[in-house]
Amino acid sequence: NRNPTELDKYLALRPNHEVTERVRVVGGMTMEVCLCKWWASLGEVTVDVEVSFHGISAAASGPLHLHAAPAQLAVHTPLRPQQLAVTGKLNRLRKFYRPTSYAVKALHAERDLLPLGRQVCELELTYSFEQTEKENVKVTPRPRQLYDVLYDSPFDSQMWSLFDSNKQLLSTGDALHDYDATVPKGKYTLKLWIKHDSRALLEKLKALEITVDFNLSKELVAPVYSTLGAALTGGTKFTGGLSLKGSRTVLHVAPPTEKAPGSKYGDFLIGSLKLSEHKQEIELVCRVPQAEADEDEPKDKDDKTDEVLLMEAIRDAKVKRLTAMRDDAKKADAFASLSAELIKAHPDHLPLLTEVLLKHDVDGDAGEDATKTSERCSKAIASANAIIKAVDVADLASHYGVKHDTADPSQKKLCKEADKRKEALIDALLAKAARLAELLQAAPSGELKTGVTGGGAIPA
């Protein structure tokens, strides 16, 4: 039951058997207790019910936020004496991600057409994140702006899928429930699809932020103190004690002293502050502080001349300009001219070839004729072939055939470069396979045109 004001519970009662259930309530409100016999239970049943109120009231309407200074929380026991057992623990690392790319397209002209001619469109958002721990970690993606809404949602669909670096599907979920996946160390891609008949509304969501929670292998302790002085100086911790009826206790919760693996400034640590043995908890949220200033790591010596460094800087600036023009239809000619110029000067530069592939590897519009489909797919295949040709597959295979000491800066740099080449190669092969399949589907009994599957000139 997802209604926060109701609780449904099934109890199996034996003769002379007692069952105790604890329910969280809100003071000053009316509580209704309803009992109903299970439909398959025959005969009459006599049940005695006793309701007693107890608990600890905390002056916190929401999560308790921990920052540089300890957070203060007042708790009191208004109903009867209560044993306090206070522990603060943080067990999840929350990171925030913006889309690396987005696309809005109209869906099937007949299947996805609503009354009054309203065409359903789909927004596809792509996110990238990395799991840096050696052991497997449970991750939980959440599109929080869409979270916990399904039938009352203004959108037609809100689905996501998680892929590893080899494009293998790992998990799929929606915006209503939490779906987790246990993943090893590596880079991952999450795709989020949102449907609506208003393209303008979907365009507004192109920068939609998501969160990914990483379960920590070791919980971090948020120490609790009875005085502010003890919290600031790291004095005697408060663990609990008997709180008399009507008494008030002020707690000071300090942020953890340990650092969570993989955490960076701006991330959140999520956990709970337990007040008693009866699972009465308050959510803890701790922002990861800025790291202490360390000495700059020694940079690798670069033997390149100033002329070469200047040329590479100009090349990278032009590639960055291509990225800005890629999705602008009005600047298609400018993109073609600049990309052709760069490809002539730098035919093996992978970031450049990847930009050209992203430009041409797109889905066709609804009702696209066969000629345009063939032209579009051929450009994408030629762009993919250029990347496949630029990557030395044998050298890449030999690199991944042995283990590397990533503690060595030179080896670490080598592994990063190899990972980039591998990702570019996988993306190119997938794009080529998808467009070849599209061409074969369009003409299953025919033959592909000469030059489509091989190398050749790269389209601008």
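Every number here is computed from the coordinates shown, using simple stated rules; none is lab data. What you see is a predicted model; the values in this text were computed from it and never measured. Note: ideal-geometry Cβ built from the backbone for every residue, glycine included; neighbour counts use all protein chains shown.
Summary table below
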item: Estimated FRET transfer efficiency when R0 is 22 angstrom, pair residue 60-residue 153 (beta carbons, to 0.05); result: 0.15
item: Computed label-point distance, nm, for sites residue 179 and residue 198 using a 7 Å Cα→Cβ extension; result: 2.7
item: Nitroxide proxy distance, nm - points 7 Å out along Cα→Cβ at residue 304 and residue 17; result: 7.4
item: Contour minus Cα-Cα distance for residue 145 and residue 68 (0.36 nm per residue); result: 24.9 nm
item: Net charge of neighbours whose Cβ lies under 14 Å from the Cβ of residue 49, counting Lys and Arg as +1 and Asp and Glu as -1; result: -3
item: Residue-span extension gain [residue 317 to residue 109] - 0.36 nm each, minus C-alpha spacing; result: 70.9 nm
item: Sites residue 119 and residue 405 - FRET efficiency at Förster radius 56 Å, r taken between beta-carbons, to 0.05; result: 0.50
item: Segment residue 9-residue 46, length gained on full extension (0.36 nm per residue, minus Cα span); result: 11.5 nm
item: C-alpha center-to-center spacing [region 113-139, region 299-346] in angstrom; result: 30
item: The chain: angle of helix 332-345 to the longest principal axis, Cα-based, in degrees nearest 10; result: 70
item: Estimated FRET transfer efficiency (residue 138, residue 98; beta-carbon r; R0 22 Å; 0.05); result: 0.45
item: Relative packing of 116-128, 240-252, which averages over residues the other C-beta atoms within 10 Å, highest first; result: 116-128, 240-252
item: Distance in nm between pseudo-label sites at residue 283 and residue 38 (7 Å out along the Cβ direction from Cα); result: 3.4
item: Cα-based helix-to-principal-axis angle, 350-360 vs the chain, degrees rounded to 10; result: 90
item: Part-to-part distance (alpha-carbon centres) for region 228-267 and region 1-80, which is given in Å; result: 27
item: Local electrostatic count, residue 107, Cβ distance below 15 Å [Lys/Arg +1, Asp/Glu -1]; result: -4
item: Surrounding net charge for residue 345, when Lys and Arg each add one and Asp and Glu each subtract one, Cβ distance under 10 Å; result: +2
